[in-house]
1. Could you order the peptides 63-75, 80-92 from most to least packed, using the average number of other C-beta atoms within 10 Å per residue?
2. Within the stretch 1-99, what whole-number % of the accessible surface is contributed by carbon and sulfur, with the 1.4 Å probe and all protein chains included in the calculation?
3. Only sites in a loop by DSSP and with at most 12 other Cβ atoms within 10 Å count here; which trypsin sites (Lys or Arg not before Pro) in the stretch 122-204 make the cut?
4. Sorting check: for 56-62, 30-36, 99-105, which peptide has the highest mean count of neighbouring beta carbons within 10 Å, and how do the rest follow?
5. Collect residues whose amide H, placed 1.01 Å from N in the peptide plane, falls under 5 Å from the amide H of Glu58; neighbours closer than 5 in sequence don't count.
6. Okay, helix-only estimate at 222 nm for the chain: each DSSP H run of n ≥ 4 adds -39500 (n - 2.57), divide by all residues, round to 500 deg cm²/dmol; what do you get?
7. What are the GluC sites (Glu not before Pro) within the stretch 116-204 that DSSP puts in a loop, where the Cβ has at most 16 other Cβ atoms within 10 Å?
Amino acid sequence: MSEIGLRERKKQRMYQVVSDLAIGLFLEKGFDAVPVAEIAAAAEISKPTLFRYFPAKEDLVLHRIADHEGEAARVVGEGAEAPLVALRRHFLDGLERFDPVTGLNDEPGVLAFHGLLYGTPALVARLYQYLERSEVALAEALGGGLDARLAAGQIVAVQRVLAQENWRRMAAGERAVAVRAEAVGAAERAFGVLGAGLPWLTVH
């Protein structure tokens, strides 16, 4: 493996280790109760080094879902299907495998993470910045321009609402297996509404 490849792997491992450590502390004590200095000390790195990896404290948590930021744009960019057809299939596939990003996952660690994310105002605010970047990337994948931006805003909002509804049911104690059929039905309805309003995205 090249030196650049090794360096990149080491960097990604550092991201993961520090993020996981920080999330553990946040879950134990609360997001606002844990100073960045405590995280840096626990990770055995300096505060400046930590901030080189994570510009904001909130990014320590959002890193766990960072890979999903451009996911909708990537799905559309594959170009094998019409955009909405591809996005619908991708979301339904996520429900089938209980992907945490769909909200349909009742594993204790996932529930705890979502409780931290949605229950902390600073993290919710940072999450909206993440969603805005996802929206921009999706709009570009849809061709750019006002119509694409309007469509991307609707699609990202629908996925967010579906995921949050699933998470609320998980947080209330329902089981993912029991909820999945209804979650699939809700997703089908939601994407049907999107398709009716955005017919140009249903044709390849």
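The values are calculated or read from the model by the stated rules, or taken from the named source; none is laboratory data. Predicted, not measured: the structure shown is a model, and the values here were computed from it. Note that we place each Cβ from the backbone using ideal geometry, even for glycine, and neighbour counts take in every protein chain shown. Surface areas here come from the heavy atoms of the whole protein model, side chains and all, with no ligands, DNA or RNA. Shrake-Rupley method; radii C 1.70, N 1.55, O 1.52, S 1.80 Å.
1. Result, highest mean Cβ count within 10 Å first: 80-92, 63-75.
2. Using a 1.4 Å probe with all protein chains present, the stretch 1-99 comes out at 53 percent carbon and sulfur.
3. Arg175
4. In descending order of packing, they fall as 99-105, 56-62, 30-36.
5. Amide H to amide H, under 5 Å and 5 or more residues apart or across chains, Glu58 pairs with nothing.
6. Taking each H run of at least 4 residues, the total per residue is -24000 deg cm²/dmol.
7. When the GluC sites (Glu not before Pro) of the stretch 116-204 are filtered for loop state and at most 16 Cβ neighbours within 10 Å, Glu174 remain.
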